[in-house]
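Peer 1: Dumping the structure here so I can ask a few things about it.
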């Protein structure tokens, strides 16, 4: 859970000296956006009860749906706007299910009725085996591991680089070599320096998180944002207790109880639904290789073949489009971007979203 979801696409940018300027690549230029602090403990959100702090993937979905219903009931002027649900990173596990719940709520006759049109995903975790398993292949494509290491992994691991059989020493050796090659690089963006906070000579993305932490924990800022005093001890840019990696166990406060959202994507194929999915091509955390594999499992028809897209007369990345009946999926990789594409390549990310939204005839959009 990270403030990157906000400051990478919000209308304002916080500088290192804590001054605020307008963001020229803000997504609010092309859509109304609502940023939601989910679950309790994220951002400035809190719970009044001990039980309220205990959450899970499925609880997150139900809370998101309840929030959208309450917000739209209180602000009915937005009900006619085309509605899209946005998620990044681990939110790829829950965003399709939230989107599906909005469609099915309309079909059940839940009120209010939403003008739900689809969803947007950036660098999504979708399947906890497929996505993590793709790291090995991606590392080879990026020249992080050698042909020999890659060949040994293929021959000895039998396509499984996550659930390792300890008796398979040849596979374990190949994966140990992989770990040695990736331990000191930044998985979220292999082009950026590995952040060693003890080395002041390295420019770290985490330095920006420090600035955001300082700003958000200011009494003056919290008063201006109407944060209720005493509800949180300290605002954190990144809550590491909710960070997920292969083998992460449930905690007393959170259950990672959705393993894959591929089935939810498949259920959305029967809806009048549009999807935009994009990845940075230098992200090794949830690589594009895994994303392309689960997209292939949807068995969609190619409407627009793979081709470059341009931003300011330069190749910004590559895109394709798939369709099936009333469902369409636009997919893109962004050249030189890492995990948080709107932060690494904000102009390219905005161009993708703007182009995708403008392909509809509606004048105003809402993105949650």
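Peer 1: For residue 132, work out the one condition from (1) touching a strand residue (DSSP E or B) at 6+ places or on another chain (Cβ under 8 Å); (2) assigned to a helix (DSSP H, G or I); (3) crowded, with 20+ Cβ neighbours inside 10 Å it doesn't fulfil.
Peer 2: So residue 132 meets the others, but not (1).
Peer 1: Of the conditions (1) surrounded by fewer than 12 Cβ atoms within 10 Å (Cβ to Cβ); (2) within 18 Å of residue 56 (Cβ to Cβ); (3) over 21 Å from the mean Cα position of the chain (by Cα), residue 253 clears all except one; give me its number.
Peer 2: The single condition residue 253 does not satisfy is (1).
Peer 1: Return the residues of segment 345-354 that are in a helix (DSSP H, G or I) and within 16 Å of residue 314 (Cα to Cα); say none if nothing qualifies.
Peer 2: Across segment 345-354, the qualifying residues are 346, 347, 348, 349, 350, 351, 352.
Peer 1: May I pose another question? Got a number for residues in segment 294-342 being in a strand (DSSP E or B) and either buried (at least 20 other Cβ atoms within 10 Å of the Cβ) or under 22 Å from the mean Cα position of the chain (by Cα) (or both)?
Peer 2: Looking only at that region, the number is 16.
Peer 1: When you go through 38, 18 one by one, which is the residue that is touching a residue at least 40 places away in the same chain (Cβ under 8 Å) and either under 28 Å from residue 355 (Cα atoms) or in a loop (DSSP other than H, G, I, E, B) (or both)?
Peer 2: That would be 18, the only listed residue that is touching a residue at least 40 places away in the same chain (Cβ under 8 Å) and either under 28 Å from residue 355 (Cα atoms) or in a loop (DSSP other than H, G, I, E, B) (or both).
Peer 1: Residues 109, 87, 92: which one is surrounded by fewer than 19 Cβ atoms within 10 Å (Cβ to Cβ) and either touching a strand residue (DSSP E or B) at 6+ places or on another chain (Cβ under 7 Å) or at pLDDT 95 or above (or both)?
Peer 2: Of the residues listed, the single one that is surrounded by fewer than 19 Cβ atoms within 10 Å (Cβ to Cβ) and either touching a strand residue (DSSP E or B) at 6+ places or on another chain (Cβ under 7 Å) or at pLDDT 95 or above (or both) is 109.
Peer 1: When residue 157 is evaluated against the numbered criteria (1) closer than 19 Å to residue 290 by Cβ; (2) at pLDDT below 95; (3) over 26 Å from the mean Cα position of the chain (by Cα), which criterion, by number, is the only one it fails?
Peer 2: (2)
Peer 1: Could I ask something else about it? Among the residues that make up segment 60-80, is at least one of them assigned to a loop (DSSP other than H, G, I, E, B) and in contact (Cβ under 8 Å) with a residue 60 or more places away in the chain?
Peer 2: Within segment 60-80, not a single residue is assigned to a loop (DSSP other than H, G, I, E, B) and in contact (Cβ under 8 Å) with a residue 60 or more places away in the chain.
Peer 1: Related question: Given the conditions (1) part of a loop (DSSP other than H, G, I, E, B); (2) on the phi > 0 side of the Ramachandran plot, report the number of the one that residue 118 does not fulfil.
Peer 2: Here residue 118 meets the rest and fails (1).
Peer 1: What number of residues in segment 187-225 are modelled with pLDDT under 65 and part of a helix (DSSP H, G or I)?
Peer 2: Residues flagged as modelled with pLDDT under 65 and part of a helix (DSSP H, G or I) within segment 187-225 amount to 3.
The values are calculated or read from the model by the stated rules, or taken from the named source; none is laboratory data. A quick note: this is a predicted structure, and the numbers were derived from the prediction, not measured. Quick reminder, even Gly has a Cβ in these numbers, built from the backbone with ideal geometry, and neighbours come from all protein chains shown.
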